[in-house]
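The values are calculated or read from the model by the stated rules, or taken from the named source; none is laboratory data. This structure is a prediction, so every number in the text was calculated from the model and none was measured. Counting neighbours? That spans all protein chains shown, and the Cβs are built from the backbone with ideal geometry, glycine included.
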Amino acid sequence: MDPALHSYIAEETTCSDGEVIIEEGSRGSWIYVILEGSAKVKKRTPKGMVTIDILREGEVFGEMVFLEGGKSPRSASVIAAEGQARIGLLDTQKLIDDYEAVPSELKTLIRSLMLKLRNTTSKVCSIIVAK
Amino acid sequence: MRKDTGQPRRKKVLTFEKGELIIKQGDYGISIYKILSGKVKIFRTYNGVEVPLATLEPGSIIGEMAFLNKDADVRSASARAMEDTELEVFHPIDLVEKYAKTSAVLKIIIDQALSRLLRINRFMDQLAVRSGEEISHQKEDPWSSTREFYRKEVDIVCQYKPAYRGKGSSTLLTGRIKDISMSGMCLEVPPGNESAIGHEVGKSFHIDVVLPNGKELNVTAEIVSVKKQPGNVRLGMQFKELPDYYGAKKTLGFFLMPT
């Protein structure tokens, strides 16, 4: 893992298989990183839960709400997979300081990227369900 | 496309007529646009098929992905004006300097989000693949392409029969698929099947199976390995070209999505 990212880890937690780390629809803007193990990204659909991605070591998740400005509910659930997963919680204050230093034009671009990620994720999910 | 010179300095506005291409997938470019009026369709082209990704309205940003992507300044998708459209062009050079000063951790997080989006977009290509004339002439063999599919462990009863004509070619046999991927499967059969028909390396079979998601899959596969175990025989099988090439690929693609 990148040392800069590692230095932002404020807390570590161990999750057992199937434990919900982020619940879709809930409020929160923490950003996490997988230190060990893996996690599944799932979305609720009329036909049940659909897995849309698998996250592995070193992958950051939960960034969408934070980078959109922290107002939206969580767009998907993240659930620990493959036995135990060790999860790092990134220092919110450091991230807020960093984000505040970003010029507004760049924030616009970052928000746009997050919006595309959110919309594309929903779209892929609805295509999977429709099939 | 015409330049509008009536705007204040540093705010450059471009006008595109309905149907005009704004960005072409694969082109180099890091210019960023904001839609002021009109409507823009974002799409990818994959194997000659247009894969729609989004329709963007005024206020939306186009082109930020290539800008934020540190690995490539190639456009990952095309953008076309669906109505007469006015776009404001950002000044990427100013932004490049500003982005360079952004915190390393934020950039790592953004990079990862971007690769996730690019990965989902490529996956949309897969979903959009459909049987049709426009892609049937493709030389590239999608079965052997190294796409992000997994070998999935399963336990599905299937029926199979020899893919050749001759003695025993109409015999319907039963086996169990133990795992399956885009390129092949492991088929477990009772030892008795071997006495009915030869199961040597090189023999091909038609396999008919209803996947747990309810979709029927018909494939032809060739035996590439035979492993005898107590009580059963495990056959390593590789898929061969099929009449319903793209249909089968699509069915299997859906089924093999990570769950």
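Summary table below
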read-out: Selection status of residue B:79, in contact with a Gly (Cβ under 7 Å, 6 or more places away or on another chain), of a type in the set (A, V, I, L, M, F, W, C) and either within 13 Å of chain A (Cβ to nearest Cβ) or not in a loop (DSSP other than H, G, I, E, B) (or both); value: no
read-out: Boolean, residue A:34 is within 14 Å of another protein chain (Cβ to nearest Cβ) and either touching a helix residue (DSSP H, G or I) at 6+ places or on another chain (Cβ under 9 Å) or touching a residue at least 24 places away in the same chain (Cβ under 8 Å) (or both); value: yes
read-out: Candidate set: segment B:109-122, residues that are surrounded by fewer than 21 Cβ atoms within 10 Å (Cβ to Cβ) and more than 10 Å from residue A:116 (Cβ to Cβ); chosen: the one nearest to the other protein chains (Cβ to nearest Cβ); value: B:112
read-out: Unique residue being among the charged types (D, E, K, R) and surrounded by fewer than 18 Cβ atoms within 10 Å (Cβ to Cβ) when the list is A:63, A:57, A:68; value: A:57
read-out: Segment B:184-215 - residue that is within 16 Å of residue B:238 (Cα to Cα) and of a type in the set (Gly, Ala, Ser) and, of those, surrounded by the most Cβ atoms within 10 Å (Cβ to Cβ); value: B:184
read-out: Test: residue in segment B:42-56 that is without any contact (Cβ under 8 Å) to a residue 60 or more places away in the chain, more than 13 Å from chain A (Cβ to nearest Cβ), surrounded by fewer than 21 Cβ atoms within 10 Å (Cβ to Cβ) and not acidic (Asp, Glu); value: yes
read-out: Residue selected from segment B:19-49 under the condition aliphatic (A, V, I, L, M) and over 17 Å from residue B:121 (Cβ atoms), by the criterion farthest from the chain's Cα centre (by Cα); value: B:36
read-out: Failed item in (1) more than 14 Å from residue B:102 (Cα to Cα); (2) β-branched (Val, Ile, Thr); (3) part of a loop (DSSP other than H, G, I, E, B), with residue A:102 passing the rest; value: (1)
read-out: Restricting segment A:69-109 to residues that are touching an Asp or Glu at 6+ places or on another chain (Cβ under 6 Å) and more than 10 Å from chain B (Cβ to nearest Cβ), the residue that is farthest from residue A:28 (Cα to Cα); value: A:83
read-out: Filter result (at pLDDT 95 or above, assigned to a helix (DSSP H, G or I) and charged (D, E, K, R)) within segment B:82-110; value: B:107
read-out: Selected residue (only one of B:60, B:37 is closer than 14 Å to residue B:79 by Cα, surrounded by 12 or more Cβ atoms within 10 Å (Cβ to Cβ) and at pLDDT 95 or above); value: B:60
